[in-house]
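Beneath this line is the structure, given in structure tokens, with notes to follow.
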Amino acid sequence: MHEIITLSASQRANHLTTQFFNCQEELLYTVGEKPNEPSIFLNPTIDRISKTVAYSPRAILWDARTGNGSLATYQYAPDTHDYHYQDTDAPTPVSSTNIMTTHPRIPQSEYQKALDKNEPLPRLNKENTKYWSDYSKLIYSPKSFRGLKNWYHDIKNPNLPDFHNLQQRQFTDFAMGFDEFKSFCMDDFIDEQLRIQLENCDTIQGFNLVTDLDSGWGGFSSKLLEELRDELPKVDVFTWGFNDNDYYSGAKGDVKNKIRSTVYLGRESNLFFPLWSENNALSNWEIGGKCCKIFDTINSLFSQKSPEQIKKMSFLEDCLMLDDKARKFVTNMIETDNSNDYSFYSRVTPFGKNAKLNRCHEFSICQLSRSSNPSTSGKEKSHLKNKQELYTYPYYPSDTIPDVYKEEVEFMINLKLTEHCRDVFNHWSDYVSRRFRFDEDREELKDELSTMAAAYEIGWYDDEDSGDDQ
């Protein structure tokens, strides 16, 4: 079996990861022959006495302290009593025992209470899904959870952890995250979490890395991926990075963290999916539910039951990158029925005099069709050399997905690598030239961004000379 492990770092990333595994749980209850192989993303544990199988996600989740909400690390682990009681049931402490309260206990959500009691589930909304654990349906291994040492979850600003919960400094800088992983998480990750996950795999195929790019989480994930590559240099890694709106997409926002995170993560990724976070319009629960549609669609290719249709991660890489391995950034992720594009790059303005956003060259197109009848799901067979058509089973959204994002279960999504990536990277190179005046990695970033932009060039350009040093 070619297993895939999910690495998720940030509160927002964990919402997407939770929605994805909730959809995997939904597939376990399909009537008749299952369309997928569950053990690709889930680790099965067989109880030979009761003749049952329990599944836990193949995943490692990082969050700020208290970011797991009411979920305790060992809450559902066998032979423990951690958090199994309510506050009113807590044992009376011995008189000689000193109790230190570090933070108020976070109450269990009504959804989780209903799950535990096998009662009808309440409807979810923005108010009762503040934490990803409020609606998580599968039981994770205790070794799947890791927390930042010095940073606490801020319920008012959930995507920016707070230093020691002092309300004085936020997890806003790439270097903060890079140093946090290097100083406090690196050894445990390799020696404990990763090793345990690998021991539960027959043949590891690759990893999905989900993270934020505009905060310290980008630096944290960059160092994480660097260590992962040192340990497993040949596995496939697909990176999914959430991008907030910024100056180049028509909003106010710094791009320093985004640039560094993208460059560092791009070095070690096989494919890079720049997701748009819509941070000012949607809650993390809604963003996770919306982006789960594209995340689940791509990953469904690798877990199909049919031996004729199942693909490997490397197959999708070849379809998109063709003969240029430097072209690893996916420009567009378009749902064809409603023209919704999950990509952040499509929102970045064109660069220079040759503004070609509406007539960009398409290096490759990969059309993914989700249908119960693959033989008829494609409307027209393409004869273009740069276009591939792939088929997979319909979408099985969990009840935790917002209603608006689970109406369609059969649809098509087009993945495109286009010339517009050049605009994005040239904007950033110009920004580095102007704003990174005294940064040690200034010249290195400029060189890498120029190389990244060159991979998406075709023909002749007459760009404005805006990146020259003053």
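What follows draws every value from the coordinates through simple rules; no lab data is involved. Note that the structure is a prediction, hence the values are computed from the model and not measured. Backbone-built Cβ (ideal geometry, glycine too); neighbour counts: all protein chains shown.
Worth pointing out:
- Cβ-based exposure ranking for His2, His164, in which fewest neighbours within 10 Å come first: His164, His2
- Reachable lysines, given that their alpha-carbon falls under 16 Å from the alpha-carbon of Lys416 and they are not under 8 places away in the same chain: Lys325, Lys328, Lys356, Lys385, Lys387
- Angle in degrees between helix 256-268 and the longest Cα principal axis of the chain, rounded to the nearest 10: 90
- Were the residues from Ser50 through Glu127 laid out at 0.36 nm apart, the gain over their Cα-Cα distance would be 23.8 nm.
- Relative to the longest principal axis of the Cα atoms of the chain, the long axis of helix 11-28 makes an angle of roughly 70 degrees.
- In percent, rounded to a whole number, the relative contact order of the chain is 16, using alpha-carbon pairs under 8 Å and six or more apart.
- Working from Cα pairs under 8 Å separated by at least six residues, relative contact order for the stretch 111-191 is 17 percent.
- Subtracting the Cα-Cα distance of Ile458 and Gln168 from 0.36 nm times their residue separation leaves 99.6 nm of extension gain.
- Computed across the stretch 111-268, the Kirkwood radius stands at 17.7 Å (inverse of mean 1/r, all Cα pairs).
- Acute angle (nearest 10 degrees) that the helix 442-454 long axis makes with the longest principal axis of the chain, alpha-carbon atoms: 70
- Taking other C-beta atoms within 10 angstrom as a stand-in for reagent exposure, Ser300, Ser269, Ser283 fall in the order Ser283, Ser269, Ser300, fewest first.
- Calculated P(r) tail over 20 Å for the stretch 126-198, as whole % of Cα pairs: 46
- Hypothetical label at Phe315: residues of the stretch 391-429 whose amide nitrogen lies under 18 Å (7 Å Cα-Cβ projection): 391-395, 413-415
- Model label sites at Lys252 and Met186, defined 7 Å from Cα along the beta-carbon direction, differ in position by 3.8 nm.
- In terms of overall dimensions, the C-alpha atoms belonging to the chain reach 78, 57, 39 Å along their principal axes, ordered largest to smallest.
- Among Asp403, Asp179, Asp296, Asp341, the order by Cβ neighbours within 10 angstrom, fewest to most, reads Asp403, Asp179, Asp341, Asp296.
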